[in-house]
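In what follows, a structure is listed as structure tokens, so that the remarks can point back to it.
The values are calculated or read from the model by the stated rules, or taken from the named source; none is laboratory data. No experiment lies behind these values; they were computed from the predicted model shown. Glycine also receives a Cβ, built like all others from the backbone with ideal geometry; neighbour counts cover every protein chain displayed.
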Amino acid sequence: MHEKTTKNADGTVRSLSNRHVQMIAISGTIGTGLFLGSGSTISETGPSILLIYLIMGIVFFLMMRAIGEMFYTDPNQHTFVTFINRYLGHTIGTFTGWSYWLSLVFGSMAELTAIATYVNYWFPNIPAWIIEVVFLVALMMINLIAARLFGEAEFWFSMIKIIAIVALIVTGLIMAFTHVRTPLGHASLANLTNHFTLFPHGSFSFFAAFPMVFFAFQGIEFVSITLGESKNPRQVVKKSVNETLFRIMIFYIGALAVIMAVIPWTSITADKSPFVQVFALAGLPAAAAIINFVVLTSAASALNSIIFSAGRHLYQLADDSNSDGVISRSLTHVSKNGIPVGSIVVTSVLILIGPMISVAHSVDFMFTLVSGATSDMSVIVYLLTMFAHRKYRQSSDFLDQGFKMPGYAFTSPLTIAAFIFIFASLLIIPADAIGAISAVVWVVAYAIGVAVKRFTSRSYA
């Protein structure tokens, strides 16, 4: 028998159970970067990568505690951007909302491209754009039917990722403790400390790994967006946020430590998935195909979550605009099943730009530029979230007996400093500089646009 669901004042339905939200939290924590990109981070920093993941894990945990504290006070909101709007003002809130929504849309295009790549592993003759359209329509339909169906899809997508990681950790530990001999040497925990140095390829490579790890955690905030449609939001926010650091320790640090125990870190390269290598060394001939399936479900999971999240953000933006026009009414329309249909459809249609780009390669550079800028905008969004939390602490909304951020006086400025460091590092890393500069240009252009609009309105007043 299903638990009784309740309906919010805006028509959305609280149908997501604790089981759904916990798995969505895990899904937001684990991305395809762990399965495919971990080889790149390990090759750059060696065992030091564990320290970087721990530091960034603590930073994201603290950010989630700040978000969780505000949601605990007001669990009826659909997105954390609402709090930016409330505590930093409508102009900054609107800027953040559109910036974050754009970053989700362009992020989903990247996931679509990845999905096509993974499917082409088995079916190389199917055009990428067909695969992208099929997956996009299927996931859009899942999001349009009911929030509970979205939750179920994420539950099983996440379960596949968890099984793969647990299987890797168990397999690796058995190999390490039994000192299995491989073509690369003996598997052993001693491989973690052999030839250890904090900066194996120089201090620049070490610090350049911080943004790489940051982007691996990007999307961890998705769990907060489910709270407006979960059955017991205050109970759920405590559990999901408090377990964030534990998940990072197990799924990232645990997996990477086991990988380096099986494969000497000096033998790990950026062009191969360490997951595939470990399973292959364990004697699993289908390792590449299995991991390809796992990353396919991981990319589909990410896209599914993005459609859900971006749809709610666009809905919130339209609702906050207080406009009564046709477009605004369409974007704020909620179906009988409690789904903001218009916002999800519009978001999905815009994501279709991705398949169009895969056909028209001539616009690749512009896509790279815009997607880089919107990805880097997430750092600014997180910063604004932390500033909104500080304003919340000074407001009458502050709940002294609520779900408070631990050590606020020290941890809040520490988290803000960490995000400033990440953005500053993007500006000096050649591969990220264009995106970071574009993000700055976007902020400046928006500010100029607001200033011009206000000046014009005063002139005609």
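Quick notes on this structure:
- With respect to being more than 21 Å from Ile160 (Cα to Cα) and hydroxyl-bearing (Ser, Thr, Tyr), Ser328 fits the description.
- In segment 220-237, the count of residues that are closer than 16 Å to Leu54 by Cα, at pLDDT below 90 and either surrounded by fewer than 20 Cβ atoms within 10 Å (Cβ to Cβ) or in contact with a Ser or Thr (Cβ under 6 Å, 6 or more places away or on another chain) (or both) is one or more.
- The residue list Ile422, Ile428 contains one member that is surrounded by 11 or more Cβ atoms within 10 Å (Cβ to Cβ), among the aliphatic types (A, V, I, L, M) and touching a residue at least 24 places away in the same chain (Cβ under 8 Å), which is Ile422.
- From the list Thr45, Thr41, the lone residue that is in contact with a His (Cβ under 9 Å, 6 or more places away or on another chain) and either at positive phi or at pLDDT 70 or above (or both) is Thr45.
- Subset of segment 115-139 (residues that are surrounded by 20 or more Cβ atoms within 10 Å (Cβ to Cβ) and within 21 Å of the chain's Cα centre (by Cα)): Ile115, Ala116, Tyr118, Glu132, Phe135, Leu136, Leu139
- Evaluated against (1) under 22 Å from the mean Cα position of the chain (by Cα); (2) surrounded by 24 or more Cβ atoms within 10 Å (Cβ to Cβ); (3) of a type in the set (Val, Ile, Thr), Thr297 falls short on exactly one condition, (2).
- Per-region count, segment 54-85, residues farther than 30 Å from Val349 by Cβ, in a helix (DSSP H, G or I) and not acidic (Asp, Glu): 17
- Whenever a residue of segment 49-65 is of a type in the set (S, T, N, Q), it has no partner that is modelled with pLDDT of 95 or more lying with C-beta atoms less than 6 angstrom away and at least six residues away or across chains.
- Residues within segment 43-52 that are surrounded by fewer than 24 Cβ atoms within 10 Å (Cβ to Cβ) and part of a helix (DSSP H, G or I), tallied: 6
- Test: residue in segment 116-129 that is closer than 21 Å to Phe222 by Cα and either in contact with a helix residue (DSSP H, G or I) (Cβ under 8 Å, 6 or more places away or on another chain) or part of a helix (DSSP H, G or I) (or both): no
- Residue count for segment 238-278, restricted to those that are of a type in the set (Gly, Ala, Ser) and closer than 16 Å to Ile163 by Cα: 2
- Residues of segment 176-192 classified as surrounded by 15 or more Cβ atoms within 10 Å (Cβ to Cβ) and assigned to a loop (DSSP other than H, G, I, E, B), total: 4
- Looking only at residues of segment 239-268 that are β-branched (Val, Ile, Thr) and crowded, with 20+ Cβ neighbours inside 10 Å, we find that the one that is nearest to Ile67 (Cα to Cα) is Val241.
- A count restricted to segment 5-38 and to residues that are buried (at least 22 other Cβ atoms within 10 Å of the Cβ), small (Gly, Ala, Ser) and modelled with pLDDT under 70 stands at 4.
- Qualifying residue in segment 376-399 (condition: of a type in the set (Asp, Glu) and modelled with pLDDT of 90 or more): yes
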